[in-house]
Amino acid sequence: MPRLLQRSRPSEPAPATSVGSDDVSLPEYEPPAFPMNDENKAKLERLVAAQRNDSDARQYEKHLNECSKNLIKAVGSINDLLFQRRRQLARHVEKRRSEGVDDKSEAERELEEYVAELEATISTLTDKSEQALRRVIDCRAEFEDTKTVLESVVVTVKAQQPRPEPKPKKERRQQRRPANDDDDDDEDEEVEEAEDVPPVVGVIDALRTARKVKMIEYSRLSAYDKYAVHNDYIPFKRTWHDAMHPDNEIPLPDPSTWFDEDGNPVKNVADIQEDDDLVVEREIVDLKCPLSLQAFKTPFSNHKCKHTFEKDAIMSFIRSSGGKAQCPVPGCSKDLTITDLYPDEVMLRKMKRVAEASRRNADATSDVEEEEEEDDDPDASIVIGRTNNIKRERNNRRVEDIEED
């Protein structure tokens with residue numbers, strides 16, 4: 001008879017744990033017990049100093065600058081297109097009314113529908129561009145605060161003091177202690193002295209705290225302080241306004257009116273002011289440099305005052321004064337440096353419009369002079385619009401008569 005082997009019941013295996021399992025719990029975070037040594041503090045200082053010339057930081061700043069420039073150009077281009085189509089529609093309407101026609105043509109109706117759709121599209125794109133620029137300004141503010149944040153971390157780490165090592169507990173004596181024994185009080189005093197020393201703050205915690213402080217400070221600023229006085233938002237607003245009012249030359253409203261009380265951007269402030277029957281003075285555009293008294297070729301404005309100069313003239317003026325000079329326009333006391341200057345794209349747009357208007361006027365004047373010369377010829381006044389053909393026919397006849405003779 002075969003023997004029956006009694007196999008022991010296998011014990012239940014322990015639950016398998018893996019690194020990615022949800023059952024694994026990390027130990028609670030314990031702040032560092034000892035501060036950084038002098039060697040690591042020096043390394044941290046060198047790391048912060050290296051951030052000023054970091055290639056990635058410079059590349060990031062370059063991207064922010066390109067974003068601002070592209071958004072400024074985009075808002076001008078799309079609103080220029082809208083103005084051109086509006087002017088084209090206005091010419092259609094004016095021509096129809098001058099001819100005494102009340103009914104709109106098919107082409108005019110199609111153009112009217114196209115302009116309405118274009119207005120809605122460009123309004124949406126303009127709003128998105130404005131929001132994108134404010135986002136770029138927010139990122140720039142965070143980037144510029146990085147230096148202050150890192151320096152704050154270094155100051156926090158260097159100011160930390162080592163915590164006292166815990167003292168061994170006193171062994172209680174075997175004999176009975178008197179009722180008025182003060183050993184317990186001494187132990188309490190030792191514990192209290194250890195708790196008075198501030199805990200050591202880690203570098204990561206110090207970095208997060210410093211960032212949070214800066215974020216809170218920035219969030220408390222008004223929309224005016226964040227954007228209306230920013231050197232990226234001002235040219236954006238100027239370009240936008242110039243594209244919407246290229247003919248009227250309505251001056252740009254004061255930056256205090258660009259945002260409402262809730263921080264939302266206010267659109268078409270100039271139109272609102274005109275609707276409220278406020279007197280809006282027309283802007284007088286001077287295309288000559290107040291320093292060189294010559295016509296602009298490369299206009300440069302500045303972030304300190306509203307005056308515009310020719311690039312070479314204002315740079316030479318500032319350099320001749322040791323790198324800092326008072327604005328040369330009488331009555332302006334702002335001090336200017338080379339870093340305050342920037343190319344004025346809005347002035348270039350105005351110069352381009354003036355040049356185009358002068359060219360159109362010159363063409364119109366030449367056409368009028370040709371008509372006046374043709375009117376002086378008594379034979380040319382018989383047939384209108386075919387003067388050149390008549391002259392050619394006369395010349396041909398004269399040649400034929402000469403050949404016959």
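The values are calculated or read from the model by the stated rules, or taken from the named source; none is laboratory data. The structure presented is a predicted model; accordingly, all values stated were derived computationally and were not measured. Please note: Cβ atoms are built from the backbone with ideal geometry, for glycine as well, and neighbour counts cover all protein chains shown. For the accessible areas, the whole protein counts, side chains as well, though only heavy atoms, and no ligand, DNA or RNA atoms are used. Shrake-Rupley method; radii C 1.70, N 1.55, O 1.52, S 1.80 Å.
Scanning region 234-264 for residues that are open to solvent by 30 Å² or more (accessible area, probe 1.4 Å) and not in a helix (DSSP H, G or I) yields 247, 248, 249, 251, 252, 254, 260, 261, 262, 264. Within region 80-98, residues that are at positive phi and free of Cβ contacts under 8 Å to residues at least 40 places away in the same chain reach no partner that is among the polar types (S, T, N, Q) and surrounded by 12 or more Cβ atoms within 10 Å (Cβ to Cβ) with beta carbons closer than 7 Å at six or more positions or on different chains.
Out of all the residues in region 225-238, is one or more small (Gly, Ala, Ser) and without any contact (Cβ under 8 Å) to a residue 60 or more places away in the chain?
Looking through region 225-238, at least one residue is small (Gly, Ala, Ser) and without any contact (Cβ under 8 Å) to a residue 60 or more places away in the chain.
If the condition is being in contact (Cβ under 8 Å) with a residue 60 or more places away in the chain and open to solvent by less than 70 Å² (accessible area, probe 1.4 Å), then region 50-60 contributes only 57. Looking for something closer than 22 Å to residue 305 by Cα, among the acidic types (Asp, Glu) and either assigned to a helix (DSSP H, G or I) or touching an Asp or Glu at 6+ places or on another chain (Cβ under 7 Å) (or both) - is there at least one such residue anywhere in region 215-233? Yes.
Criterion first (of a type in the set (D, E, K, R) and open to solvent by 60 Å² or more (accessible area, probe 1.4 Å)) does residue 130 satisfy it?
On the way: of a type in the set (D, E, K, R): yes; open to solvent by 60 Å² or more (accessible area, probe 1.4 Å): no.
When the stated conditions are applied, residue 130 does not pass them.
The selection criterion, being small (Gly, Ala, Ser) and either touching a residue at least 60 places away in the same chain (Cβ under 8 Å) or surrounded by 14 or more Cβ atoms within 10 Å (Cβ to Cβ) (or both), holds for residue 68. Tell me yes or no: at least one residue of region 266-285 is over 30 Å from residue 120 (Cα atoms) and either surrounded by fewer than 14 Cβ atoms within 10 Å (Cβ to Cβ) or modelled with pLDDT of 90 or more (or both). Yes, because at least one residue in region 266-285 is over 30 Å from residue 120 (Cα atoms) and either surrounded by fewer than 14 Cβ atoms within 10 Å (Cβ to Cβ) or modelled with pLDDT of 90 or more (or both).
Filtered by the rule that a residue be closer than 16 Å to residue 148 by Cβ and either part of a loop (DSSP other than H, G, I, E, B) or open to solvent by less than 60 Å² (accessible area, probe 1.4 Å) (or both), region 32-49 gives 44, 48, 49. I'd like to verify a number: residues in region 323-367 that are within 17 Å of residue 298 (Cβ to Cβ) and surrounded by fewer than 10 Cβ atoms within 10 Å (Cβ to Cβ), how many? Summing the residues that are within 17 Å of residue 298 (Cβ to Cβ) and surrounded by fewer than 10 Cβ atoms within 10 Å (Cβ to Cβ) in region 323-367 gives 0. Across region 102-123, which residue is modelled with the highest pLDDT among those that are polar (S, T, N, Q) and open to solvent by less than 70 Å² (accessible area, probe 1.4 Å)? Per the stated criteria, the residue is 123. For residue 237, the conditions (1) under 22 Å from residue 69 (Cα atoms); (2) modelled with pLDDT under 90 are fulfilled apart from (2).
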